[in-house]
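Everything on this sheet refers to the single structure shown next.
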Amino acid sequence: EGEATLLVEVRDGAGNTAQVERTVVVDRTLKLVGLSRKAISPNGDGRGDAVAVTFKLRRPADVTVAVVRSGSTVRTIRLGRLASGSRSAEWDGRLGGGGTAESGGYSLRVTADGEFGVTTAAGPVTVDLTAPRLTVARTASVRYGKTAKIAYTVRDAHSPTVKVGATVVDAKGRAVAKLALGWVKQGTSRVLAWKPKARRTYTVTFTAIDRAGNRQAATGVTTLRVR
């Protein structure tokens, strides 16, 4: 580590030479470990409200964390002089003026001013304040012994995939099945497949939660009749 000189020299067939010399600095003071979440929803509901950025310092340095959007710094968190070792800082989605960040893409940029100069490392995070929206069929029917298939779609403006689940309840209000449908690509039509064990009417309730922890705005409900 430290200052070094980079020398590039070229020579042609006639023996003429030319060279360029540049000074460079090798600095391993700062290493970004990562972000605790890829997306946050700073709405105060206790789910995904903040993100922590973790980094390592090889030697003491003055550290600042900047929240950047579209090239502009919207929040600065000054951590001061820190000793070497693993460190972290949290962003709660608040802006420098006290407001809450809007939905969209941001970058957490860590800057360390140390012995050899200033180094910077950054990681991306998405602010998502929008709840996913479920679209399901209101009714469905199937013959006994066959597999019921119910089409559904989930949409989310800022989460590419959404975690979907479903609960099947019989006419007496008893839950007879809980189905984990996994992380579903938003905007894509999917099908829930389930084989009823009796001739009766069931209620299938769909739920969805996105990458930032937002739950669906309205529960999707399908009435399933088994003939």
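The values are calculated or read from the model by the stated rules, or taken from the named source; none is laboratory data. A quick note: this is a predicted structure, and the numbers were derived from the prediction, not measured. A quick note on method: Cβ atoms are made from the backbone with ideal geometry, for glycine too, and the neighbour counts reach across all protein chains shown. Side chains are part of the model used for accessible areas, which takes the heavy atoms of the whole protein and leaves out ligands, DNA and RNA. Shrake-Rupley method; radii C 1.70, N 1.55, O 1.52, S 1.80 Å.
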- [ ] Scan the range 55-69 residue by residue and report those that are under 24 Å from Pro160 (Cβ atoms) and either of a type outside the set (D, E, K, R) or touching a Pro at 6+ places or on another chain (Cβ under 8 Å) (or both).
- [x] Val67, Val68
Open item on the list: Restricting to the range 134-155, and then to whatever is of a type in the set (Val, Ile, Thr) and open to solvent by 60 Å² or more (accessible area, probe 1.4 Å), can you tell me which residue is nearest to the chain's Cα centre (by Cα)?
Closed with: Thr135
Task: Pairs where the first residue, in the range 135-163, is without any contact (Cβ under 8 Å) to a residue 40 or more places away in the chain and the second is open to solvent by less than 20 Å² (accessible area, probe 1.4 Å), C-beta under 8 Å, 6+ apart - done: Arg155/Pro132
Open item on the list: With the structure loaded, tell me whether Val226 is surrounded by 13 or more Cβ atoms within 10 Å (Cβ to Cβ) and either over 30 Å from Leu35 (Cβ atoms) or small (Gly, Ala, Ser) (or both) or whether it fails that test.
Closed with: yes
- [ ] Give the residue that is farthest from Lys149 (Cα to Cα), with candidates limited to residues of the range 172-217 that are open to solvent by 70 Å² or more (accessible area, probe 1.4 Å) and outside any loop (DSSP other than H, G, I, E, B).
- [x] Arg215
Task: Residues that are closer than 28 Å to Gly114 by Cα and polar (S, T, N, Q), drawn from the range 21-54 - done: Thr23, Thr29, Ser36, Thr54
Task: Matching residues, the range 156-171, being open to solvent by less than 70 Å² (accessible area, probe 1.4 Å) and either touching a His at 6+ places or on another chain (Cβ under 7 Å) or assigned to a strand (DSSP E or B) (or both) - done: Thr161, Val162, Val164, Gly165, Ala166, Thr167, Val168, Val169
- [ ] Select from the range 86-115 the residues that are of a type in the set (Asp, Glu) and either more than 13 Å from Val127 (Cα to Cα) or in contact with an Asp or Glu (Cβ under 8 Å, 6 or more places away or on another chain) (or both) and list them in ascending order.
- [x] Glu90, Asp92, Asp113, Glu115
